[in-house]
Amino acid sequence: MPGRPERAWMDATDERFAYRCLPLTIANSFGWELLLPAGVTAEWNGGSGLDDITVEVDDEAWSAGKLAVSHFGHGVLTFQTGYLFRTDPSVGLLVRGVPNWPRDGIAPLEGLVETDWLPFSFTMNWQFTRPGRVTFAKDEPYCFISPVGYRALGTLVPEIADIADAPEERRHFETWSRERLDFNERLKREEPDAVRQGWQKWYIRGQSPSGAPVSPLHISKLRLADPRSDDD
């Protein structure tokens with residue numbers, strides 16, 4: 001399913017202020033979630049062997065071997081995705097855990113898969129961070145996939161330049177720095193206009209500190225398409 005912008009921990013922040021960070025919410029939606037058809041509970045005893053992880057599935061229709069297994073040892077839990085993906089030439093899939101969805105006791109491992117030619121499936125892997133027991137609930141995302149132009153990345157050459165050589169950029173940056181500092185100071189003093197404003201919305205609106213639009217390509221929401229099948 002398309003990535004969802006919401007996160008429970010973001011909902012729990014004061015006045016849901018975490019949603020004011022647009023890069024955070026866009027990242028949450030920047031791909032598709034793979035959901036579990038059944039709940040999975042795994043326990044690691046701290047050892048390096050395959051038998052040092054036990055896996056239980058809460059639905060008899062799904063055996064552990066079809067859904068999640070201990071395949072690599074060393075505290076790595078492996079999920080079977082069950083899909084053969086195909087992407088356009090030069091486009092691969094960044095395979096990882098769901099962005100900004102921290103989980104206690106286990107962490108997602110990331111991989112870049114060349115799905116523009118790969119004739120077989122891949123797995124999603126999580127590594128325990130300490131001995132213990134973790135549970136992934138039914139319909140919970142265990143994998144997140146984002147198409148990326150991986151070949152083009154190798155042609156890019158990062159450059160470091162002196163901002164003094166770009167006077168227009170420097171002017172915008174210095175204006176932002178000055179007004180940001182002033183706004184935060186007024187917010188600390190609880191000045192009514194600053195408190196009423198709450199935060200400066202330049203980025204979320206795609207504006208410079210002067211209020212002028214900066215880019216026609218700016219996005220404030222990202223809604224991806226639902227997967228479709230030949231039966232649709």
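Condition check ((1) surrounded by 10 or more Cβ atoms within 10 Å (Cβ to Cβ); (2) over 23 Å from PRO147 (Cα atoms); (3) at pLDDT below 85) across all residues:
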position: PRO192; (1), (2), (3): no, yes, no
position: LYS201; (1), (2), (3): yes, yes, no
position: ARG205; (1), (2), (3): yes, yes, no
position: GLY211; (1), (2), (3): no, yes, yes
position: LEU217; (1), (2), (3): no, no, no
position: LEU222; (1), (2), (3): yes, no, no
position: SER229; (1), (2), (3): no, no, yes
position: ASP232; (1), (2), (3): no, no, yes
When every residue in region 76-85 that is touching a residue at least 60 places away in the same chain (Cβ under 8 Å) and in a loop (DSSP other than H, G, I, E, B) is compared, the one farthest from GLY132 (Cα to Cα) is PHE85
Under the condition of being part of a loop (DSSP other than H, G, I, E, B) and among the hydrophobic types (A, V, I, L, M, F, W, C), which residue from region 131-157 is surrounded by the most Cβ atoms within 10 Å (Cβ to Cβ)? ALA137
Positions within region 86-128 being surrounded by 16 or more Cβ atoms within 10 Å (Cβ to Cβ), assigned to a loop (DSSP other than H, G, I, E, B) and in contact with a Leu (Cβ under 6 Å, 6 or more places away or on another chain), in sequence order: THR115
With a cut-off of at least 1 residues that are closer than 22 Å to HIS218 by Cα, basic (Lys, Arg) and in contact with a helix residue (DSSP H, G or I) (Cβ under 6 Å, 6 or more places away or on another chain), name the helices (runs of 4 or more DSSP H) lying wholly within region 158-205. 167-188
Return the pair list, or none, for Cβ contacts closer than 6 Å from residues in region 115-139 that are over 23 Å from PRO2 (Cα atoms) to residues that are among the charged types (D, E, K, R) and outside any loop (DSSP other than H, G, I, E, B), at least 6 apart or on different chains. ARG133/GLU43
Tell me yes or no: at least one residue of region 64-74 is in contact with a Gly (Cβ under 9 Å, 6 or more places away or on another chain), assigned by TED's automatic domain parsing to the domain that holds ASP104, at pLDDT 95 or above and closer than 11 Å to ASN125 by Cβ. yes
Are there helices (runs of 4 or more DSSP H) fully within region 1-75 with at least 1 residues that are within 22 Å of the chain's Cα centre (by Cα) and of a type in the set (S, T, N, Q)? List them. 22-28
Could you tell me whether region 100-114 includes any residue that is aromatic (Phe, Trp, Tyr) and either in contact with a strand residue (DSSP E or B) (Cβ under 6 Å, 6 or more places away or on another chain) or at pLDDT 95 or above (or both)? yes
Go through (1) without any contact (Cβ under 8 Å) to a residue 12 or more places away in the chain; (2) touching a Pro at 6+ places or on another chain (Cβ under 6 Å); (3) not acidic (Asp, Glu) one by one and return the number of the condition PRO158 breaks. (2)
Filter pass, GLY31 being in contact (Cβ under 8 Å) with a residue 60 or more places away in the chain, surrounded by 17 or more Cβ atoms within 10 Å (Cβ to Cβ), out of contact with any Lys or Arg (no Cβ under 9 Å at 6 or more places or on another chain) and not charged (D, E, K, R): no
How many of the residues in region 140-191 are of a type in the set (Phe, Trp, Tyr) and over 30 Å from ARG4 (Cβ atoms)? 3
When (1) in contact with a strand residue (DSSP E or B) (Cβ under 7 Å, 6 or more places away or on another chain); (2) more than 30 Å from VAL76 (Cβ to Cβ) are applied to ILE145, the one that fails is (2)
Condition test on VAL55, is it hydrophobic (A, V, I, L, M, F, W, C), out of contact with any Gly (no Cβ under 9 Å at 6 or more places or on another chain) and surrounded by 13 or more Cβ atoms within 10 Å (Cβ to Cβ)? no
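The values are calculated or read from the model by the stated rules, or taken from the named source; none is laboratory data. No experiment lies behind these values; they were computed from the predicted model shown. Positions of Cβ are backbone-derived with ideal geometry, glycine not excepted, and every protein chain shown enters the neighbour counts.
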